[in-house]
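The values are calculated or read from the model by the stated rules, or taken from the named source; none is laboratory data. Values in this document were obtained by computation on a predicted structure and should not be read as measured data. FYI the Cβ positions are ideal-geometry reconstructions off the backbone, even for glycines, and counts take in every protein chain you see.
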Amino acid sequence: MNKFEYLVPQTLDEAVSMYDAHGDQAAYIAGGTDIVVKMKEYKISPGYIISLKHVLPRSEPQRDRETGELTLAASVTHRMIENSALIKNEYPILHDAIGNIGSVQIRNVATIGGNLVNAVPSADGVIPLIALDAGVNIYGAKGKRSLALVHFFTGPGQNVLEKGEILVDIVIPPQLPHTGSAYHKFGRRKAMELPMLGVGVLLSLEERTRRCARARVCLGVAAPTPFRALGAERFLVGKKIDDAVLQEAGTIAAEESQVRDSIRGVAWYRREMVAVLVRRMGQKCLERIKTTSEKA
Ligand SMILES: Cc1cc2nc3c(=O)[nH]c(=O)nc-3n(C[C@H](O)[C@H](O)[C@H](O)COP(=O)(O)OP(=O)(O)OC[C@H]3O[C@@H](n4cnc5c(N)ncnc54)[C@H](O)[C@@H]3O)c2cc1C
């Protein structure tokens, strides 16, 4: 690893000014689990590393009592998300995904913001947040801006952040009643792997008819950027959800996916697994809705 200077700003503005001062030589660091690996492998060699530690609050995931919105500061670690009872009980899709990232040591320091900004197709934090319709708040020299997370990614390892912009937080809107959600990371080994696929499904049922009021079918490692299988979602909405409906939704999602051959799996197999996992995650959503209703 090449030598670098470590800078520790105390405010967002200070961090942005430091970045501007050092231009292409600067890089932000949060938990360091992605960037340090790249530096060790000489994929990047920034001369100035700017810590976000004191710039972004490391607060527990919080839900606003009035708006019902859940805010995750970009600096929240995976372990904080995994250990949050609120996330476990009410946003299980996020808990499914984050609890399987790397190892406990990695999750203790790695942040959700770093996971999104790194923008690799296999990032486990991304798919559940897209399924939850999350938005992101960004701060930079030109001020603040916000956008839906699904529009944040522009290609493998690429995102919409302009030079020096900081991802500040992630906001999840209130969920509809009778909502269930689930994520599955599919790979060949259990630990410390990058997934061959990441599949997240969220279903909300109407109170009276129990028909599907809202569906999200989100796929990772199935295209250059994470995406929603909109055809499968449209197919589900308005239907009574049973195994046959979920199977058809899985087939549609598999057709929509753009999986390709890679060292982690051949395209035909991954496409088949999209269909299987969409069905399984849909079933898990229904089980979770049932369990929540029984507890209420
Ligand atoms: C052994 C190992 C196993 C892993 N397993 C998994 C896994 O199973 N699933 C998975 O998804 N990932 C995995 N990862 C990848 C990594 O841990 C995650 O992507 C992690 O969330 C990155 O967060 P970080 O805080 O460490 O990011 P950093 O390394 O600090 O930063 C990553 C990138 O984002 C930028 N950045 C960070 N925060 C911000 C911000 N708020 N605003 C603007 N830019 C920012 C940095 O400049 C850098 O370019 C693994 C990594 C290792 C080393």
Point to revise | Single residue of the range 252-273 satisfying the filter (surrounded by 17 or more Cβ atoms within 10 Å (Cβ to Cβ) and of a type in the set (Val, Ile, Thr)) that is nearest to residue 286 (Cα to Cα) | key: 252
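Can you pull out every residue in the range 41-59 that is more than 14 Å from residue 7 (Cβ to Cβ) and either modelled with pLDDT of 95 or more or more than 10 Å from the ligand (Cβ to nearest atom) (or both)?
Let us first name the residues in the range 41-59 that are more than 14 Å from residue 7 (Cβ to Cβ), namely 41-45, 56-59.
Listed by number, the residues that qualify are 41, 42, 43, 45, 57, 58, 59.
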Exercise for review: All but one of (1) closer than 19 Å to residue 167 by Cβ; (2) surrounded by 14 or more Cβ atoms within 10 Å (Cβ to Cβ); (3) not small (Gly, Ala, Ser) hold for residue 39, so report the exception by its number.
Suggested key: (1)
Study note, to complete from the structure: Just one listed residue, out of 27, 21, 97, is outside any strand (DSSP E or B) and farther than 30 Å from residue 284 by Cβ, and it is 21
Exercise for review: Would you check if there is a residue in the range 223-233 being touching a strand residue (DSSP E or B) at 6+ places or on another chain (Cβ under 9 Å), among the acidic types (Asp, Glu) and buried (at least 21 other Cβ atoms within 10 Å of the Cβ)?
Suggested key: yes
Review point. Looking at the range 61-69, is at least one residue within 11 Å of the ligand (Cβ to nearest atom) and modelled with pLDDT of 95 or more?
Key: no
Revision key, fill the gap. Selection over the range 51-77 where residues are part of a loop (DSSP other than H, G, I, E, B) and of a type outside the set (Lys, Arg) yields a count of 16
Exercise for review: Quick one: in the range 97-132, of everything that is modelled with pLDDT of 95 or more, within 15 Å of residue 157 (Cβ to Cβ) and hydrophobic (A, V, I, L, M, F, W, C), which residue is nearest to the ligand (Cβ to nearest atom)?
Suggested key: 117
**Study point:** Residue in the range 127-142 that is of a type outside the set (A, V, I, L, M), in contact (Cβ under 8 Å) with a residue 60 or more places away in the chain, in a helix (DSSP H, G or I) and within 18 Å of residue 182 (Cα to Cα) present
**Key:** yes
Revision key, fill the gap. The condition of being hydrophobic (A, V, I, L, M, F, W, C) and either in contact (Cβ under 8 Å) with a residue 60 or more places away in the chain or in contact with a strand residue (DSSP E or B) (Cβ under 7 Å, 6 or more places away or on another chain) (or both) holds, among 263, 241, only for 241
Review point. From 135, 140, which residue is in the same structural domain as residue 165 (by TED's automatic domain parsing), closer than 18 Å to residue 218 by Cα and not hydrophobic (A, V, I, L, M, F, W, C)?
Key: 135
**Study point:** Residues located in the range 100-121, provided they are surrounded by 19 or more Cβ atoms within 10 Å (Cβ to Cβ) and assigned to a loop (DSSP other than H, G, I, E, B)
**Key:** 100, 101, 110, 119, 121
Revision key, fill the gap. Counting only helices (runs of 4 or more DSSP H) wholly inside the range 183-296, the ones holding at least 2 residues that are touching a Pro at 6+ places or on another chain (Cβ under 9 Å) are 267-295
Exercise for review: Working carefully through the options 82, 165, 90, find the one that is over 22 Å from residue 219 (Cα atoms) and either touching a residue at least 12 places away in the same chain (Cβ under 8 Å) or away from the ligand (no atom under 14 Å from the Cβ) (or both).
Suggested key: 165
Check your understanding: For the range 33-50, how many residues meet the condition of being in a loop (DSSP other than H, G, I, E, B) and either without any contact (Cβ under 8 Å) to a residue 12 or more places away in the chain or among the charged types (D, E, K, R) (or both)?
Key -> 3
Review point. Any idea which of 274, 259, 266, 221 is of a type in the set (Val, Ile, Thr) and more than 23 Å from the chain's Cα centre (by Cα)?
Key: 266
